[in-house]
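For reference, the structure discussed in these notes is given below.
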Amino acid sequence: MASSDNDNSQMKIVNGEAGYILEDVPHFTDYISNLPTYPNPLRSNPAYSVAKQYFVNVDDTVPQKVVVHKDSPRGVHFRRAGPRQKVYFKSDDVQACIVTCGGLCPGLNTVIREIVCGLSYMYGVNKVLGIDGGYRGFYSKNTVTLTPKVVNDIHKRGGTILGTSRGGHDTGKIVDSIQDRGINQVYIIGGDGTLRGASVIYEEVKRRGLKVVIAGIPKTIDNDIPVIDKSFGFDSAVEEAQRAINAAHVEAESVENGIGVVKLMGRYSGFIALHATLASRDVDCCLIPESPFYLEGKGGLFEFIEKRLRENEHMVIVIAEGAGQDLFTEHMQDMNQKDASGNKQLQDVGLWISHRIKDHFARTNKMSITLKYIDPTYMVRAIPSNASDNVYCTLLAQSAVHGAMAGYTGFTSGLVNGRHTYIPFNRITERQNKVVITDRMWARLLSSTNQPSFLNPKVVEEAKKTEQPPTRLLKEEKCKNLDEVKAETPSQLLEEDNCKDESGNNADQSIKTEN
């Protein structure tokens, strides 16, 4: 196999026969020579003595694409996570630190706990610091000493015991602090903005030739991180969203012409709204950022509400926070500010659409309605993680610890096709994962709620005249899925010329199977 460094030096490409491509992560040996190695302490660990195989094979990789054709190339792979036979740190020499950045998400404390316990119980590391208050905590706040006893029951609490913040990223000061404190393993828990910062920190560490691991654990409640199967906290968020939807359904069902409106998180991606709607079965209409809708006129939201109220005498609407932002007046859009992370501060679409629905029925005088608006967004993200996410967080944390001890750096641990892997930073931050409304998953939701697609008639007519662009699922074969998409699909909603799978990834990078 021949390998070559990528331009951004954060991804090593290894090409093999039959189209095999390994998008590998950096290692100490890439920029530091003559490093000593040590036997992995797991050899004498009682917990691993019962395992048939202690270590993963050095050549083990995980394919990103699981659905293939008989003549298709093997495609992109990632390095499999897990313990290696040799490590690049003596246990007593490790000085690790953990930092949490960005918004809250169920499971943050579980990840913190399992990094601390993994380092201690598996590798005998006893020096772990918690950085207080996000990135700026490296140079402006005190640290917290973390031991298994300190973190013993933090997984039962929401939020993060370390505190968090947005922004505050001064690369030079952060790396100076890492050097001054003698830290040689940095575990960074955060979303795409946080991991972009981690990527810059890694570059500076490499430039200085430091033997310091920069490892990430991808976090976002919106599930909008590409490549990985899902982000931790997502299952908990969907489960908690059910409570709000159930409350809205009870309120709506208890009165004549009752309407329950629930706003869920989803700035640019509507995965929480989509999955919560499918799980609930009480939702009549789901509105997400990826699917445009309009209010007035034939085929609009108001007409559908009137129709559903005549049929059932009540209805529930779920709307993601980023949906319908284009419907606000230009003046209100100009008022938008940005937070410390550079994210656009959105208008409250849930409150706005509730007022518009009330005004419509008051103006037309067709029927009297009772509308209840529920906004559980901060309640959803502040809860402790559920059982499923606790297990997931444990495996993500342990995978990161194994990778750090083995000398890998500039990576995030993540689940790909049900297997834990090490993924280069640039693959995690290159784009945002979004719901693709030309996929079967969105069609399943429309079938479940029996709601219209709300596509503008003018857009539909234009789409009928536009030929579908070619796709790149395979090098010499067209994507049959997009060939079968109905003519009503607006071509402008297809991202570039790539076929998409149900989770919003490129089909040639698919990580989902189709039942």
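Looking at this model, which pairs from 52/127; 141/230; 12/230; 12/141; 307/358; 156/230 are more than 26 angstrom apart at the alpha-carbon?
Violating the 26 Å Cα-Cα cut-off are 52/127; 141/230; 12/141.
What would the Debye formula give as log10 I(q)/I(0) at q = 0.23 Å⁻¹ for the alpha-carbon point model of segment 335-445, no solvent?
Evaluating at q = 0.23 Å⁻¹ gives log10 I(q)/I(0) of -1.24.
Any idea what log10 I(q)/I(0) is at q = 0.13, 0.25, 0.26 Å⁻¹ for segment 169-228, Debye with uniform C-alpha scatterers and no solvent?
-0.35, -1.01, -1.07
Leaving out ligands, DNA and RNA, what percent of the accessible area of segment 194-326 is carbon and sulfur, probe 1.4 Å? Present the calculation step by step, with values, prior to reporting the outcome.
On the way: 1840 of 4120 Å².
Carbon and sulfur: 45 percent of the exposed surface of segment 194-326.
Would you be so kind as to identify which of 102, 39, 64 lies farthest towards the positive end of the dipole of segment 27-104, taking Lys and Arg as +1 and Asp and Glu as -1 on Cβ and the Cα centre as origin?
It is 64, whose Cα lies furthest towards the positive end.
For a bin width of 5 Å, list the pair-distance distribution of segment 13-67 built from all Cα-Cα distances, rounded to whole %.
Calculated P(r), rounded to whole percents: 4, 11, 16, 17, 16, 17, 13, 5, 0.
Can you give me the accessible area per residue for segment 171-246, using a 1.4 Å probe, in Å²? Before the final figure, lay out each step's value.
Values: 2160 Å² over 76 residues.
Each residue of segment 171-246 exposes 28 Å² on average to a 1.4 Å probe.
What number comes out for the charge environment of residue 201, summing +1 per Lys or Arg and -1 per Asp or Glu over other residues with Cβ under 12 Å away?
Numbers: positive: 173, 196, 206, 207, 208; negative: 170, 176, 203, 204.
Every neighbour counted, the sum reads +1.
Counting only protein heavy atoms and using a 1.4 Å probe, what share of the accessible area of segment 34-163 belongs to carbon plus sulfur, as a whole percent?
That fraction is 48 percent.
Would you kindly find the accessible area of residue 431, with a 1.4 Å probe and non-protein molecules such as ligands, DNA and RNA excluded, rounding to the nearest 10 Å²?
Counting only protein heavy atoms, residue 431 exposes about 60 Å² to solvent.
So for the pair residue 121, residue 90, with labels modelled 7 Å out along Cα→Cβ, what separation do we get in nm?
Rounded to a tenth, the inter-label distance reads 2.7 nm.
Between residue 37 and residue 74, with labels modelled 7 Å along Cα→Cβ, what's the label distance in nm to one decimal, could you check?
Between residue 37 and residue 74, the simple spin-label model gives 2.2 nm.
Please report, as a whole percent, how much of the solvent-accessible surface of segment 353-433 comes from carbon and sulfur atoms (probe radius 1.4 Å). Please report the intermediate quantities before stating the final value.
Working: 1570 of 3000 Å².
Carbon-and-sulfur percentage of accessible area, whole number: 52.
Would you mind getting the accessible area per residue of segment 1-156, heavy atoms of the protein chains only, 1.4 Å probe, in Å²?
Working: 7520 Å² over 156 residues.
Dividing the accessible area of segment 1-156 by its residue count gives 48 Å².
The values are calculated or read from the model by the stated rules, or taken from the named source; none is laboratory data. All of these numbers come straight from a predicted model, not from anything done at the bench. Here Cβ is always computed from backbone atoms with ideal geometry, including for glycine, and neighbour counts include all displayed protein chains. With ligands, DNA and RNA removed, areas are computed over all heavy atoms of the protein, side chains included. Shrake-Rupley method; radii C 1.70, N 1.55, O 1.52, S 1.80 Å.
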